[in-house]
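Asks: Pasting a structure here, questions to come.
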Amino acid sequence: MSGRQAEEQVARLLEERGYRILHRNFRAGRWEADIVAWKDGLYVFVEVKARGGRGFGSPGEAVTREKRRRLEAVARYFLAGKRGGNCRFDVALVSLGKAGVVEEVVILEDAFRPWD
């Protein structure tokens, strides 16, 4: 399974949970948010991380401080175009088994605080 396929699976799961997907791969300069959604009066910026096995670490370990800063920059750009709004940052962790089959998807809501 590719990163794009993992993003597609996460987007479907979010929609099933009542999120409205606004953008996929929203770009601000060189950086992007995998998914921008809307739920309960909040813009939700979702970083999708997929990993097969543990040789490369867990999916959550891939959301580094630098990655958080880049996602926050994308959010600032997006929100400026909307003239503000409240947001949160979620992380979707996709664990892949043999042949790239999804074993588990965990969505961490409010995974980190913006602009910490």
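The values are calculated or read from the model by the stated rules, or taken from the named source; none is laboratory data. From a predicted model like this one, the values you see are computed outputs, not experimental measurements. Quick reminder, even Gly has a Cβ in these numbers, built from the backbone with ideal geometry, and neighbours come from all protein chains shown. Surface areas here come from the heavy atoms of the whole protein model, side chains and all, with no ligands, DNA or RNA. Shrake-Rupley method; radii C 1.70, N 1.55, O 1.52, S 1.80 Å.
Asks: Length gain on complete extension for the stretch ARG83 to LYS98, per 0.36 nm per residue less the alpha carbon to alpha carbon distance?
Replies: 0.9 nm
Asks: Run the accessible area of the chain with a 1.4 Å probe and give the carbon-and-sulfur part as a rounded percent.
Replies: 46
Asks: Taking each pair of distinct Cα atoms in the chain once, what is the resulting Kirkwood hydrodynamic radius in Å?
Replies: 14.4
Asks: Out of the GluC sites (Glu not before Pro) in the stretch 78-116, which ones are loop residues according to DSSP with at most 11 other C-beta atoms within 10 Å?
Replies: none
Asks: Between GLU8 and LYS67, how many nm apart are label points set 7 Å from Cα along the C-beta direction?
Replies: If labels sit at GLU8 and LYS67, their model points lie 2.2 nm apart.
Asks: Give me the angle, in degrees from 0 to 90, between the Cα long axis of helix 65-81 and the longest principal axis of the Cα atoms of the chain, rounded to the nearest 10.
Replies: 40
Asks: By how many nm would the segment from ARG30 to ARG17 grow when fully extended, if each residue of separation counts as 0.36 nm and the alpha-carbon distance is taken off?
Replies: Working it through step by step, the gained length comes to 1.7 nm.
Asks: What does the charge dipole of the chain about its Cα centre add up to, to the nearest 20 debye, if the Cβ of each Lys and Arg holds +1 and the Cβ of each Asp and Glu holds -1?
Replies: Working: 22 positive and 17 negative charges, 92 e Å.
That gives the chain a dipole magnitude of about 440 debye.
Asks: Report, to the nearest 10°, how far helix 3-16 tilts away from the longest principal axis of the Cα atoms in the chain, using its own Cα long axis and a range of 0 to 90°.
Replies: Approximately 70 degrees, to the nearest 10.
Asks: Run down the lysines and flag those whose C-alpha is under 21 Å from the C-alpha of LYS67, throwing out any fewer than 8 positions away in its chain.
Replies: LYS49
Asks: Rounded to the nearest 10 Å², what accessible area does TYR77 show when all protein chains are kept and the probe is 1.4 Å?
Replies: 140
Asks: Among ALA6, VAL91, ALA28, which residue has its Cα furthest toward the positive end of the charge dipole of the chain, with +1 on Lys/Arg Cβ and -1 on Asp/Glu Cβ?
Replies: ALA28
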